[in-house]
Amino acid sequence: VQLQASGGGLVEAGGSLRLSCADSATTFSIYAASWYRQTPGKERELVASINGDGSANYADSVKGRFTISRDNAKITVYLQMNSLKLEDSAIYYCKAKLRHAFTPWYWGQGTQVTVSS
């Protein structure tokens, strides 16, 4: 399993980015997934989660601006980030559980998101 997170970059405040996370080593479906973010000197914080039944949860700081989703084949998980703020700048990591609930969690490498004024 090799989770790959992509889609980060530099964007102006108020702009949008879409992050993607998928297993590049297999075509296993993603059962559940979460996006975390981390800035230097701070703990990794949970941003959004999507559960096996498709329900989603969000950190208060991103509610109404970020949306987590899966494609129909459940191969890829997305984090659509709108109305980006300076404080959203961080390295974003995905964590996913593949195929079903009784598999381990895997972490992907991070993708840098930088929001400029």
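Please treat every number below as a calculation from the coordinates, not as lab data. Keep in mind the model is a prediction, meaning the values are calculated, not measured. For neighbour counting, all protein chains shown are included, and Cβ atoms are generated from backbone atoms with ideal geometry for every residue, glycine included.
Between D71 and E87, what length in nm is gained on full extension when 0.36 nm per residue of separation is reduced by their alpha carbon distance?
3.0 nm
What is the extension gain from W105 to T26, computed as 0.36 nm multiplied by their sequence separation minus the C-alpha to C-alpha distance, in nm to one decimal?
26.9 nm
How high is the FRET efficiency from R18 to R44, r the C-beta distance, R0 30 Å, rounded to 0.05?
0.90
Report, please, the projected area of the chain averaged over directions, based on the convex hull of its C-alpha atoms, in nm².
6.8
Give the aspartates and glutamates reachable from K85 as a straight Cα distance under 12 Å; neighbours fewer than 8 places away on the same chain don't count.
Partners found: E12.
Report D for segment 78-117 in µm² per second (integer): Stokes-Einstein, Kirkwood Rh on Cα pairs, 37 °C, 0.692 mPa s.
272
Give the Rg (one decimal place) followed by the Dmax (whole number) of segment 48-92, computed from C-alpha coordinates and expressed in Å.
11.3, 33
Within the set K74/K97; K63/K97; K42/K74, which residue pairs have Cα atoms separated by over 20 Å?
Going by Cα-Cα distance, K63/K97; K42/K74 fall outside the 20 Å limit.
Treat each spin label as a single point 7 Å out from the Cα along the C-beta direction, and report the N57 to S6 distance in nm.
Simple spin-label model gives 3.0 nm for this pair.
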